[in-house]
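The values are calculated or read from the model by the stated rules, or taken from the named source; none is laboratory data. What you see is a predicted model, and the numbers here were worked out from it, not measured in a lab. Reconstructed Cβ throughout: ideal geometry from the backbone, glycine too, with neighbour counts over all protein chains shown.
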Amino acid sequence: MKILLIQPAKAQKTIGGEDVFIYEPLALEYLASGVKSDHNVKILDMRIDKDLDSQMQKFRPDVVGITAYTVHVNTVKNLFNKIKTIDSGIFTVVGGHHATVAPEDFFNPCIDLVVMGEGVFVFKEIISRLVSKRPFDGIAGISYLKDGGRVINPREPVTDLDIFPFPSREFTEKYRKYYYSEWMRPLASIRTSKGCPNRCNFCALWKLTGGKYLKRKPENIVRELSGIKEKYVFFADDESMVDASRMKKLAELIREAGIKKRYFLYGRSDTIVKNPDLIKIWKDIGLERVFVGLEFFRDEDLKYINKGSTAENNKEAIKILHSNGIEIYASFIVRPDFNEEDFKELKEYCRKMEFTFLSFAVLTPLPGTDLYEEVKDSLITEDYDLFDFIHTQLPTKLPLKEFFNNLNSLYFDTIPLGKSISFMRRYPLKEIPGLISLRMKVARQMKNAYKDYET
């Protein structure tokens, strides 16, 4: 069979996304690995190549599979509608994070089957049943229509990440030079673990593994790393450093294998504080950046989201990373009920911590999270295009226009000019004009975000 796997682009009014970073579509590369031996597979990354019509005409797929986060729901349903208009006989499958936490949002006439949870072996079985014209009865973690009724088969938990084949990166070869995060370009991604032992109320990732932290064997990770061509590698984990002994073993094996890469990974502040020696070890083998979800600078706010960490942990983690010469990708949350003073205090704190890069996400009640269940009756919008961590879904204390002006000021006025210039020196000189243009574009979008609630 001919199988087309699609990574969707963001909607026009969605802010951020591929305008500011593009990570390789690991989920689709994993799916491709499961079916490539017996079928003709293509991956279309529409963040880079938006010409769906040409792909459909040239490839003429039998099956189209699309992955989706919450912010992609509307876009994906429109894509499936277009695909069915082109050829109603194409079998359509949706999967990914949102399909797992809220599959009912894809119960749509243009979508033949919804996959919930890890899709590698499930998708392989779906294709096998299509080829042999057998029913989908008994396949765990799928939903489809049968005899006019909706079938929903519960997903089976995955406990061993090492059972999966390596992602087939050859299917994204023509796109790979475009995958990046800030100055790290081209940037490969690798999954070394899944899940998180913590219980943040704004996050659903820990629920997907039943609260368990699943880990790949270090030896297996090194085998995959050795086949990655790119200099920069992002660890696409929910939290990379939970198991310090595993990460020390992995670092040792990377050193022994002579693998020379520059790494970017996630690390909670409390994990970093508990394992300062681990940071030093990883720095020595190429750790360049750490994404730290600091979230807030006040304990009462951290408690509100059930972060399980403290403001003191945040300060100490910042010191540890700075002392090791590791760049901090500092991520903070902005509560919709912030007033002018809250914005001012957050800005002052960030300047005091001497960050060179900052990200501010509006507290977003994503479906599947405890937060969503707590506040869903208070939502001011249910337009998934706006679930981009910039738009707010909840009422703001400030008028919307003032709220977004303050948010914009956090992004573009918090880091002193000297540090901004120093950070921009990480980029090739030829990319600087485009970077400045992009910053201006995002600033305009952010300032005008209040208008997206007027229609």
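Worth a mention:
- Residues that are acidic (Asp, Glu) and under 17 Å from Glu340 (Cβ atoms), drawn from segment 388-439: Glu402, Asp413
- Taking the criterion of being surrounded by fewer than 18 Cβ atoms within 10 Å (Cβ to Cβ), out of contact with any strand residue (DSSP E or B) (no Cβ under 8 Å at 6 or more places or on another chain) and not charged (D, E, K, R), the residues of segment 399-426 that qualify are Pro399, Asn405, Ser409, Phe412, Pro416, Leu417, Gly418, Ser420, Ile421, Ser422, Phe423, Met424.
- Residues (assigned to a helix (DSSP H, G or I), modelled with pLDDT of 95 or more and acidic (Asp, Glu)) located in segment 380-419: Asp385, Glu402
- Unmet requirement for Ser269, which otherwise passes all of (1) under 21 Å from Phe355 (Cβ atoms); (2) out of contact with any strand residue (DSSP E or B) (no Cβ under 7 Å at 6 or more places or on another chain): (2)
- Breaking point among (1) surrounded by fewer than 19 Cβ atoms within 10 Å (Cβ to Cβ); (2) without any contact (Cβ under 8 Å) to a residue 40 or more places away in the chain; (3) among the polar types (S, T, N, Q), for Asn275: (1)
- Filtered residues of segment 84-110 (kept if among the β-branched types (Val, Ile, Thr), touching a helix residue (DSSP H, G or I) at 6+ places or on another chain (Cβ under 7 Å) and more than 12 Å from Ile142 (Cα to Cα)): Ile86, Ile90, Thr92
- Scanning segment 1-37 for residues that are in a loop (DSSP other than H, G, I, E, B), over 18 Å from the mean Cα position of the chain (by Cα) and either closer than 17 Å to Leu79 by Cα or in contact (Cβ under 8 Å) with a residue 60 or more places away in the chain (or both) turns up Met1, Gln12, Lys13, Lys36.
- Taking every residue in segment 189-200 that is closer than 27 Å to Arg262 by Cα and pairing it with any residue that is assigned to a strand (DSSP E or B), at least 6 positions away or on another chain, the pairs with Cβ-Cβ distances below 7 Å are Ser189/Phe234; Ile190/Val233; Ile190/Phe235; Thr192/Phe235; Ser193/Leu214; Ser193/Lys215; Lys194/Leu214; Gly195/Leu214.
- Exactly one residue among Cys196, Cys203 is of a type outside the set (Val, Ile, Thr), farther than 30 Å from Arg425 by Cα, at pLDDT below 95 and out of contact with any Gly (no Cβ under 7 Å at 6 or more places or on another chain), and that residue is Cys196.
- Scanning segment 50-83 for residues that are over 28 Å from the mean Cα position of the chain (by Cα) and farther than 22 Å from Leu31 by Cα returns a single hit, Gln57.
- Segment 247-266, subset of a type outside the set (Phe, Trp, Tyr) and in contact (Cβ under 8 Å) with a residue 40 or more places away in the chain, residue nearest to Trp206 (Cα to Cα): Leu250
- Matching residues, segment 121-143, being within 20 Å of Ser37 (Cβ to Cβ) and over 30 Å from the mean Cα position of the chain (by Cα): Arg129, Leu130, Val131, Ser132, Arg134
- Selection count, segment 295-352, where residues are within 23 Å of Gln393 (Cα to Cα), of a type in the set (Gly, Ala, Ser) and touching a helix residue (DSSP H, G or I) at 6+ places or on another chain (Cβ under 6 Å): 0
- Pair list, Cβ < 7 Å and 6+ apart or interchain, from segment 427-455 residues that are over 12 Å from Leu400 (Cβ atoms) and of a type in the set (Val, Ile, Thr) to residues that are assigned to a helix (DSSP H, G or I) and at pLDDT 90 or above: Val442/Asp19
- Meeting the requirement of 3 or more residues that are at pLDDT 95 or above and surrounded by fewer than 16 Cβ atoms within 10 Å (Cβ to Cβ), the helices (runs of 4 or more DSSP H) wholly within segment 63-171 are 73-86, 120-132.
- Any pair with Cβ under 6 angstrom, 6 or more apart, that starts in segment 132-159 at a residue that is at positive phi and ends at one that is assigned to a loop (DSSP other than H, G, I, E, B) and not aliphatic (A, V, I, L, M): Gly141/Gly117; Gly141/Arg155
- Pairing residues of segment 57-69 that are without any contact (Cβ under 8 Å) to a residue 24 or more places away in the chain with residues that are surrounded by fewer than 24 Cβ atoms within 10 Å (Cβ to Cβ), at Cβ distances under 9 Å and at least 6 apart in sequence or on separate chains, gives Gln57/Ile86.
- Scoring Ser422 on the criteria (1) closer than 24 Å to Lys352 by Cβ; (2) part of a loop (DSSP other than H, G, I, E, B); (3) not aliphatic (A, V, I, L, M) leaves a single failure, condition (2).
- Which numbered condition Lys397 fails, given (1) closer than 30 Å to Gly96 by Cα; (2) in contact (Cβ under 8 Å) with a residue 40 or more places away in the chain; (3) not hydroxyl-bearing (Ser, Thr, Tyr): (1)
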